[in-house]
Structures are given as C-alpha cells and as structure tokens.
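In what follows, a single structure is set out as structure tokens and then discussed.
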Amino acid sequence: MHYHRRPSWAISESMVTPEHVFLNRRSLLAGMGMGAGLLAMPGRGRAEPGVSELSGAQNPAYADAGRPVTGEVTNSTYNNYYEFGSSKRISEEAQQLDVSGWKITIAGLVEEEFQIDMDDLLGRVALEDRIYRHRCVEAWSMVAPWTGFPLARLIEMAKPLSSATHVKFQTFLDPDVATEQRATWWPWPYTEGLTMDEAMNDLSFMVVGAYGKELHKQFGAPMRLHTPWKFGFKSIKSIDRIEFTNEQPVSFWEELADNEYGFWANVNPEVPHPRWSQATERVLGTDERIPTQLYNGYGEQVADMYGDLPDTVGQRFWR
Ligand SMILES: Nc1nc2c(c(=O)[nH]1)N[C@H]1C(S)=C(S)[C@@H](COP(=O)(O)O)O[C@H]1N2
Ligand SMILES: [Mo]
C-alpha cells in the first residue's frame, strides 16, 4: 500500500461530523493559500489538515515533463468540469461532491460484471507518481503531478472478453449535487471511450491524487482518467462506470458536436479545430504561448497505434 494516510473517502459515515466538514474545507482553503486567517483563529482544535496526503513511487519515465509543473493554486482554480458549471471557476462548487463509499461498476463484455469500491481498488494496485503534460482542445495547457496507476491494471482486474474492442467510461449522474446536470440540453452523464489498444497503452493513467494529496474534487475525485496524448476532454473525471463494448462509444462532446470533437482527438498542431487554430497553446499560469506538439509530445509511445488509419484520418482527430 503506497498511501501514507487513510484517504477521506475511506472515512466511515459515522465519522463525518460537521467538524470534519469544516476541517476539510479549511485545509482546502489553506492548500489554495487562502487559509491563513482561518488557521490563526483561536479555539479551532486540531491543526491537522483534513486532506490526506497521497503519493506513490516516482515513475522515472515521467519525472520531467520538460516544462515547469503548473502551480497548485493556478491549476486547482482553473478547471473544466461542466457538471458543476461551464466556467473555469467551479472549484468551490465541486466541493459538493461526496466521494465517500464511491463504487465503480465494471460492466459489458467481461467474464463477470462487478462493483469495486475505491478502497478495495487502491489496496490492489501499486501507486506511482507521474508528471504529465495536459493539452485542452481550447488551446491552453498545463503540467500536472499526478498519483495513480496504469489503466491496464484495472483492465486486467476486469477480465474483458476477447470480443471487447473498446472501453467506455462514465461519470456519476447526480443533479442534486452537480447543478449543471439539471440542464437537460447536455447529454449527461459525461462519457468517453478508448480502443482497447489505447486503454492498454502505458500512458493511459488512472489518477487518484495530485500534488502529493488525494485527488482534489475539481480534478475529478476520487478517480479520473488522463490520456495525455489526446485533447483534455478525453480525460474523463469522477468515473463510476467502465463498460467493455464491441463498438466505438459515442462520447459526451461528440454527441454535442461530432464535427468539432471527434473520437480520436489526438493532439495535432496541423489540424485546426473548425473555429480556431491548434498550432500553439497558452501555458496556464504564464504569459507564454508555445508550439503544440504532435500527440502532445508523446508520439514515441502512441504513434504506432495509428499507423494504419487512412491519411484523411491521419489528422487522427475526426472519427
Ligand atoms: N466528467 C467530466 N470530465 C471532464 C470534463 C468535464 O466537464 N466533465 N472536462 C474535460 C476537459 S475539456 C478537460 S480540459 C479536463 C480538465 O481537467 P482539469 O480540470 O483537471 O485541468 O477534464 C476533462 N474531463
Ligand atoms: Mo478541455
């Protein structure tokens, strides 16, 4: 087991007191550099932060992203998480998400369908730290220090049938908590998909922590995907269902606008989005614009998978 302290989703219901809620909130604010006033207040009891530390063994292959890691405050206050609103400032709102007792359903073309809770899952994988570049289709990018495990480990546990060609991921659905899910023009719940080859690629990472802590809710707690060679929308947050299929899944953004957000969505500076160029990207937290790299610079590990796509799809963006 690689986590240093019991993560908060492992805290039993009876332990969730108002004080607990307060401590969690306070340490979150402290983490964002806003907690000094609160911490200085007398009579608040424990100084122990409520957000648990979480880290794994540094994977040397992903110890350096070639650019500085984006600051935690910058990164955790600029997020795409449409369930909680369509602005980048949803971090407050996302704290409503309750990740205690979180379960993931494994379904579809598998030997046997099952549910696994986060605690069990974390007991069965070795956590590692990886620093990944992230490129949003909106032409901004960041660098994140994640903790997690290869998606391949979870697929091994799931025991898919040989007939499975694709994996479909789904985010929770709870309009009481995620207010934007009350808006019916979105095709909730958020879904995404990969081919089995893509899912088994070593880069496909299940993220359960960031910045040495259990995953911030706005990053997609308790577990999100990161496929760093693809545009950011593929990296689905707060996953509660993984289904194996024999057809290409239609994802959330594809269903909304399949001419703008294709299934492959591999980062490619030469293929403009219909409404803007993808040649460069704005580096979050700086004034810099830098050239965008094919496959976000991860071509060595992934280009082989796309070798026989026809050249028009060589854009490797459209479906
Ligand atoms: N469930 C869900 N997952 C999601 C999104 C979302 O709105 N809902 N946004 C995606 C997009 S467009 C991006 S760029 C990344 C943003 O991740 P970050 O907030 O950790 O930077 O999450 C992706 N995963
Ligand atoms: Mo994005």
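Out of the total accessible area of the stretch 174-301 (probe 1.4 Å, heavy atoms of protein only), what percent is carbon and sulfur? Working shown, then result.
Values: 2290 of 4820 Å².
Of all accessible area on the stretch 174-301, carbon and sulfur atoms account for 48 percent.
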Run down the lysines and flag those whose C-alpha is under 17 Å from the C-alpha of Lys213, throwing out any fewer than 8 positions away in its chain.
Lys237
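Leaving out ligands and nucleic acids, and using a 1.4 Å probe, what accessible area per residue does the stretch 121-175 come to in Å²?
Numbers: 1650 Å² over 55 residues.
Per residue, the stretch 121-175 has 30 Å² of solvent-accessible surface.
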Checking the cross-link filter: which lysines have an alpha carbon closer than 23 Å to that of Lys230, excluding same-chain neighbours under 8 positions apart?
Lys88, Lys168, Lys217
If amide H atoms are modeled at 1.01 Å from N in the peptide plane, then the residues at a separation of 5 or more from His273, or on another chain, having amide H under 5 Å from its own are Gln278
Virtual spin-label span in nm between Ala257 and Glu288, 7 Å along Cα→Cβ:
2.9
Simple spin-label model, 7 Å along Cα-to-Cβ: Ala183 to Met196 in nm?
3.8
Whole-Hz Karplus couplings 3J(HN,Hα) for the stretch 275-292, θ = phi - 60° and coefficients 6.51, -1.76, 1.60, Gly and Pro as x, run 10, 6, 6, 10, 5, 10, 9, 8, 8, 3, x, 9, 9, 7, 10, 10, x, 7
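So, counting K/R as plus one and D/E as minus one, what does the shell of residues with Cβ under 9 Å around Asn59 add up to? Write out the running numbers ahead of the final one.
Numbers: positive: Arg130; negative: Glu128, Asp129.
Charge balance in the 9 Å sphere: -1.
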For the stretch 238-295, state which trypsin sites (Lys or Arg not before Pro) are in a DSSP loop and have at most 14 other beta carbons lying within 10 Å of their beta carbon.
Arg275
Under 5 Å from the placed amide H of Leu203, counting only residues 5+ away or on other chains, we find none
Length gained when the stretch Asp119-Asp98 is fully extended (0.36 nm per residue, less Cα-Cα span):
6.1 nm
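The values are calculated or read from the model by the stated rules, or taken from the named source; none is laboratory data. Computed from a prediction, not measured in an experiment: that's the story for all the values here. Don't worry about glycine lacking a Cβ; one is built from the backbone with ideal geometry, like all the others, and counts go over all protein chains shown. Side chains are part of the model used for accessible areas, which takes the heavy atoms of the whole protein and leaves out ligands, DNA and RNA. Shrake-Rupley method; radii C 1.70, N 1.55, O 1.52, S 1.80 Å.
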